[in-house]
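Report on the following structure.
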Amino acid sequence: MMVSSVKKKKYTSMDMKKSLAFNGYKIVLVLAVALYFPLNVSAWGMLGHRIVGQIAESHLSNKAAKGVKSVLGNESLAMASNWGDFIKSDPAFDYLYNWHFVNLPAGLDKQGVFNLLDTEKGANVYNKIPEMVAVLKNKQSAADEKRLAMRLLIHLVGDLNQPMHTARKEDLGGNKVYLTWFGEKSNLHRVWDESLIEYQQLSYTEYASAINYPSADQLNVWRNNSLKDFVYGSYEACNKIYANIKPDERLSYKYNFEFVGLLNEQLLKGGICLANILNDIYK
């Protein structure tokens, strides 16, 4: 019989105090992250952004596909799509915070949304997308400038088509609309960023394949949409979401059943919107 030669370490009272102090620090850190996270969630989450990118790739023209490859190399649209959130770890990119959304108040009609987009001068997802397009179209842009612009463009188009990124300033885009999702504390923004998508239990490639069937009528409309039209479409979806939620509501199967269609349509529209922009850049 083998006898272990490892001696058991004797813990002193000082060791126990250090251990308890460290564990207490970890608990405080976890709580701090948990409280911070709901107000800083990423649009669509990783899966949603990748679904948009995957769908967009299937609608690219040959010229656009070559143009994207000339900028990203072997990095796909799907894999580049989350860079805009990953880079939040670098303080040098803190200036990108307002680029991910545009605040729109309740009660606007289509022209009202368009007027607000025209007059809003602060950085937002609507007015930063054309800036990224301009960098990509400029033959004088350096390779690293184009790579940054491409990654941000892919991400921002996904953001623009997430309804809660065209939502209300007063509740931080639904982050302060608290509720439960299958018994767990959450908020309206997080449900639309991640929870609804993750509930479908599909990889991003499976999800894209499952919903990438736009009708001829949808394609005809979406391929002729302006960027403003896509913003307004997200705003309309956002209004439906707000109209069908109550503070502290308990969401589960019924909510998924009622809203998965709208979710899928916005993901699909995001892919078509991104393909439209890239096809125009490289036409």
### Query
Ordered by residue, what ³J(HN,Hα) values in Hz, to whole numbers, does segment 261-269 give under the Karplus form 6.51 cos²θ - 1.76 cosθ + 1.60, where θ = phi - 60° and Gly and Pro are x?
x, 5, 4, 5, 5, 5, 5, 5, 4
### Charge dipole magnitude, Cβ of K and R +1, D and E -1 - the chain, Cα centre, debye nearest 20
1100
### Query
Want the number for residue 98 to residue 76: 0.36 nm per residue separation, take away the alpha-carbon distance, what's left?
5.4 nm
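When a/c is below 1.5 the answer is rounded, else prolate if a/b is larger than b/c, else oblate, so apply that to segment 62-109 with a ≥ b ≥ c taken from the square roots of the Cα gyration tensor eigenvalues. All intermediate terms of the calculation are to be shown ahead of the outcome.
Working: a/c = 3.49, a/b = 1.49, b/c = 2.35.
Verdict is oblate for segment 62-109.
Using a 10 Å cut-off around each Cβ, can you sort 194, 131 from fewest to most neighbouring Cβ atoms? Intermediate values should be presented prior to the final figure.
Details: 194 20, 131 14.
By the 10 Å Cβ count, ascending, the order reads 131, 194.
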### Query
Which of the aspartates and glutamates could a cross-linker bridge to residue 146, judged by Cα under 13 Å and excluding same-chain residues fewer than eight apart?
131
### Task
Between residue 283 and residue 240, with labels modelled 7 Å along Cα→Cβ, what's the label distance in nm to one decimal, could you check?
2.9
### Summary
Ordered by fewest other Cβ atoms within 10 Å, a rough proxy for footprinting exposure, 119, 180 read 119, 180
### Query
Over 30 Å between Cα atoms, which of 69/269; 121/269; 69/121; 137/240; 139/228 qualify?
69/121; 137/240
## Note on the structure
Residue by residue through segment 106-123, the couplings from Karplus 6.51 cos²θ - 1.76 cosθ + 1.60 with θ = phi - 60°, in Hz, x for Gly and Pro, are 6, x, 8, 8, 4, 5, x, 5, 4, 4, 5, 4, 6, 9, 6, 9, x, 4
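So what's the projected area for the chain, the Cα convex hull averaged over all directions, in nm²?
Values: hull surface 89.5 nm².
Directional mean of the projected Cα hull area for the chain stands at 22.4 nm².
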### Query
Can you run phi through the Karplus equation (6.51, -1.76, 1.60; θ = phi - 60°) for segment 236-244 and list ³J(HN,Hα) in whole Hz, with x for Gly and Pro?
4, 4, 4, 4, 4, 5, 4, 5, 10
### Task
With everything on Cα atoms, drop me the angle between helix 62-72 and the longest principal axis of the chain, reported from 0 to 90° to the nearest 10.
40
### Task
Please order 273, 238 by the number of other Cβ within 10 Å, starting at the fewest.
238, 273
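Add -39500 (n - 2.57) for each DSSP H run of 4 or more in the chain, then divide by its residues: what number comes out at 222 nm, to the nearest 500 deg cm²/dmol? Walk me through the numbers on the way to the answer.
Details: 13 runs with 162 residues, N = 283.
That comes out to -18000 deg cm²/dmol.
Any read-out appearing in this document is the output of simple, stated calculations on the displayed coordinates, not a laboratory observation. On a predicted model such as this, the values are computed, not experimentally measured, just so you know. Positions of Cβ are backbone-derived with ideal geometry, glycine not excepted, and every protein chain shown enters the neighbour counts.
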